Amino acid sequence: MVARRKTREVRCGNLVIGGENPIWVQSLATSKLADTEAIRGEIRRMLDAGCEIVRVAVFDSRDAQALGEVKKYLGGVPLVADIHFNHKLALEAIERGADKIRLNPGNVAGLRGSFEAEGRERLRQVAEAARRKGVSIRVGVNSGSVEKDLLEKHGWATAEALVESASRHCEWLERCGFRDIVVSIKSTDMEQNVEANLRFARLNDFPLHVGVTEAGLPGYGTIKSAVGIGRILLEGVGDTIRVSLTGDKDLEVRAAFDILKAAGRRAVDPEIVACPACGRIAIDLEKVVNEVVERIRDVRVPMRISILGCAVNGPGEAAGADVGLAGGRGGGIIFRGGKILRRVEESEMAAELEKEIRSLAAEIESRRGKGAVDR
Ligand code: SF4
């Protein structure tokens with residue numbers, strides 16, 4: 001596996017982004033902050049799904065004032081305020097307890113391609129306030145937000161233009177003496193998204209927040225995100241991720257954890273490997289796999305579980321997993337840690353697998369301490 005890229009560490013509330021810290025999962029609430037009931041319920045669902053960094057849009061001063069209240073029901077999970085165009089909102093959000101501000105220095109400061117414009121004083125004020133309060137800043141560049149002079153220079157929002165835009169914003173912040181910067185570069189064009197992120201990652205040590213912007217509805221949007229984010233993660237790049245789906249945010253969070261797990265970058269629960277079944281199958285594999293998934297829903301310990309239908313690949317895969325089952329006619333063989341444990345009947349498979357999974361989870365927890373364990 002490609003080694004994770006080394007980045008500087010940037011604090012975000014009680015988490016540290018970058019370095020050797022886990023790749024954190026974040027999501028953006030859709031409810032308006034003024035609608036207290038709605039935002040509270042939505043954040044509850046995001047947290048229940050495991051969201052580790054919560055971002056909210058701050059549209060006006062009323063939203064900025066509501067941030068203090070929102071923080072009360074986050075239970076310590078860091079809060080990011082997403083701000084555009086108005087540096088006063090950024091100052092207010094910092095004052096109200098935001099742990100990180102997501103902004104585009106050019107658009108909040110009114111800078112248009114040159115730091116020597118009148119907006120630099122506005123950016124300096126934001127940078128100074130953030131530094132005083134220990135608040136980090138995410139510079140967020142999207143294909144739709146590239147400045148006019150860069151569009152003219154590159155012809156359109158190419159990967160080079162996105163990288164130049166992000167680099168320029170970081171440089172402006174650093175010229176204000178501010179270093180706690182996380183960067184995101186997003187494009188709806190997959191090729192460009194990947195190229196821009198990898199290109200930027202080679203140039204500096206800023207932690208990167210990775211996503212595919214406006215991915216769409218959960219079905220296709222999750223696949224598109226898995227392709228785009230996964231490709232970047234496999235290159236060792238990415239320090240936080242977000243899956244941008246149209247719909248419930250808990251789906252985004254679950255999809256993000258699944259992408260991290262599938263990319264082999266972070267697992268907080270078991271991975272189940274199951275074969276697709278074919279004409280050789282002699283058991284109801286789908287029923288067994290679904291029953292195992294239901295039975296171990298609460299297990300928050302990473303491990304590899306293999307459930308295969310027959311003797312073709314079953315024994316090899318099961319022996320390579322932490323817990324495995326190789327199916328056969330009316331029954332199967334249970335493996336643990338590469339060793340054959342026993343033969344079980346088809347009706348007992350799910351329960352017997354659960355027994356081994358829970359016993360292994362308890363062993364791992366006692367070795368590494370209680371709670372979720374990152375691989
Ligand atoms: Fe078919 Fe066996 Fe492969 Fe499953 S493991 S797909 S049953 S050959």
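For segment 210-302, build the charge dipole from Cβ charges (+1 Lys, Arg; -1 Asp, Glu) around the Cα centre, then report which of 225, 296, 285 sits farthest towards its positive end. So the residue we want is 225. Just add up the charged neighbours of residue 321: K/R +1, D/E -1, any other residue whose Cβ is under 10 Å from the Cβ of residue 321. For residues surrounding residue 321, the net value is -1.
By DSSP, the beta bridges lying fully in segment 301-341 are antiparallel in about 65 percent of cases. Between segment 1-62 and segment 297-375, the C-alpha centres lie 33 angstrom from each other. Pairs to check: 224/355; 6/72; 88/186. Give those whose C-alpha atoms are more than 32 Å from each other in this structure. Going by Cα-Cα distance, 224/355; 6/72 fall outside the 32 Å limit. Modelled label positions at residue 125 and residue 179, each set 7 Å beyond Cα in the direction of Cβ, lie 2.7 nm from each other. Ordering 121, 235 by the number of other Cβ atoms within 10 Å of each residue's own Cβ, fewest first, gives 121, 235.
Where a ≥ b ≥ c are the square roots of the eigenvalues of the C-alpha gyration tensor, would you call segment 1-152 rounded, which needs a/c under 1.5, or, failing that, prolate if a/b is larger than b/c, or oblate? Cα axes put segment 1-152 in the oblate bin. Going by the alpha-carbon gyration tensor, a ≥ b ≥ c the square roots of its eigenvalues, is segment 286-348 rounded (a/c under 1.5) or, if a/c is not under 1.5, prolate (a/b greater than b/c) versus oblate? Since a/c reaches 1.5 but b/c is at least a/b, the shape of segment 286-348 is classed as oblate. Each Lys and Arg adds +1 at its Cβ and each Asp and Glu adds -1 at its Cβ; summed about the Cα centre, the chain shows a dipole of about 840 debye. For segment 1-99, a crude dipole built from +1 on the beta carbon of Lys and Arg and -1 on the beta carbon of Asp and Glu, taken about the Cα centre, is about 300 debye to the nearest 20.
Protection proxy ranking of 2-11, 77-86, by the mean of other Cβ atoms within 10 Å over each peptide's residues and highest first, is 77-86, 2-11.
We did not get these values from a lab; they are worked out from the coordinates using the rules stated. Only a predicted model underlies this, so the values are computations on that prediction, with no experimental measurement involved. All Cβ positions, glycine included, derive from the backbone under ideal geometry; neighbour counts span all protein chains shown.
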